[in-house]
Amino acid sequence: MAVRIDGKAVSAKVREQVAQEVASLKAQGVCPGLAVIIVGDDPASKIYVNNKKKACQATGIYSEEYALPGDTSQKELLDLVADLNHKEDIHGILVQSPLPKGLDEKAVVEAIDPQKDVDAFHAYNVGKIMIGDYHFLPCTPAGIMELLKAYDIAVEGKQCVVIGRSNIVGKPMAMLLLHQNGTVTVCHSRTKNLAEITRQGDILVSAAGKSHFVTADMVKPGAVVIDVGMNRDENGKLCGDVDFDGVELVASYITPVPGGVGPMTIAMLLKNTVTAAKLQNDLL
Ligand code: NAP
């Protein structure tokens, strides 16, 4: 039976460290500040933004929320980003995804000052990650690396299989595992013989966004299984990509959903905001 990786406990520790760093920065006259922009009224996005705001409050990070109507124009959004780029009490800018149809998300991300890009989605930061010389890591893959570290799970020399190649999860995940000397295979919707490949994974990360997708027969006995998926099952209940009950019997470690990767994502956002504040005040 696999050990359940407790993302809530690990994220609580990260938040505690963040709170300490915030206190020490405040003593030096710097209060880390995060601006969160949300456009339209997607209910899930509202919940995420609210959680981020609460997490900021709990760790002493100053936060501002910009809730814009769904008919906001591209120019209005870009103007706001430009203002925030120059706002001295704001060190991190986050634009909640997805934006309503008609708004160009890529252009908005590219408009954020790379030093304030706490999601690490800007092409500059993506490039820095690629060459292994970075200040910010995208929050979800960074959170996963933190979980592996917390459980003393070494990556070096391991076969790592990542399902998914999105810019926010799959690709950076593969890169971080590679930086830690894993041998990485990235799978996607055109991958042939998926189960054959996933069964080779000592570490299997699933970010396909499909419930009950990874079943026990796709998992190497003793593998570490990281479930990034946040899906709704037939009954509307939150679930991951992994068929938890079956895979738990085969894996050595497994992340539950909820309570695994999810809590780490916000914790790493807070960490990135502190890094951004240090970076902009020459304190790194
Ligand atoms: P995405 O952009 O939709 O990417 C999904 C990836 O899975 C794509 O690369 C896709 O391949 C691949 N895929 C889809 N069906 C597949 C199949 N049958 N076989 C193999 N690969 C397949 O999603 P995302 O933004 O990366 O997010 C993935 C999941 O993680 C979602 O459930 C999302 O909600 C969740 N998520 C969770 C957190 C968290 O904090 N826990 C954060 C971010 C995302 P193609 O490229 O070929 O289409």
remark   = Looking across the range 196-218 at residues that are within 21 Å of residue 260 (Cα to Cα) and open to solvent by 80 Å² or more (accessible area, probe 1.4 Å), the single one that is modelled with the highest pLDDT is 210
request  = State whether the residues of the range 36-46 include one that is part of a helix (DSSP H, G or I), open to solvent by less than 20 Å² (accessible area, probe 1.4 Å) and in contact (Cβ under 8 Å) with a residue 60 or more places away in the chain.
outcome  = no
query = Taking residue 128, is it touching a His at 6+ places or on another chain (Cβ under 8 Å), modelled with pLDDT of 95 or more and open to solvent by 30 Å² or more (accessible area, probe 1.4 Å)?
reply = yes
key: So residue 261, is it under 25 Å from residue 116 (Cβ atoms), more than 10 Å from the ligand (Cβ to nearest atom) and not basic (Lys, Arg)   = no
inquiry  = For the range 175-195, check the following and say yes or no: at least one residue is buried (at least 17 other Cβ atoms within 10 Å of the Cβ), within 20 Å of residue 8 (Cβ to Cβ) and within 14 Å of the chain's Cα centre (by Cα).
reply    = no
query = Which one is nearest to the ligand (Cβ to nearest atom), of the residues in the range 219-249 that are of a type outside the set (A, V, I, L, M, F, W, C) and outside any loop (DSSP other than H, G, I, E, B)?
reply = 231
query = Hey, does the range 95-115 have a residue that's open to solvent by less than 20 Å² (accessible area, probe 1.4 Å) and more than 16 Å from the ligand (Cβ to nearest atom)?
reply = yes
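The values are calculated or read from the model by the stated rules, or taken from the named source; none is laboratory data. Since we're looking at a predicted model, the values are computed, not measured. Heads up, the Cβs are rebuilt from the backbone with ideal geometry, glycines too, and the neighbour counts pull from every protein chain shown. Each accessible area value is taken on the protein alone, full model and side chains, heavy atoms only, with ligands, DNA and RNA left out. Shrake-Rupley method; radii C 1.70, N 1.55, O 1.52, S 1.80 Å.
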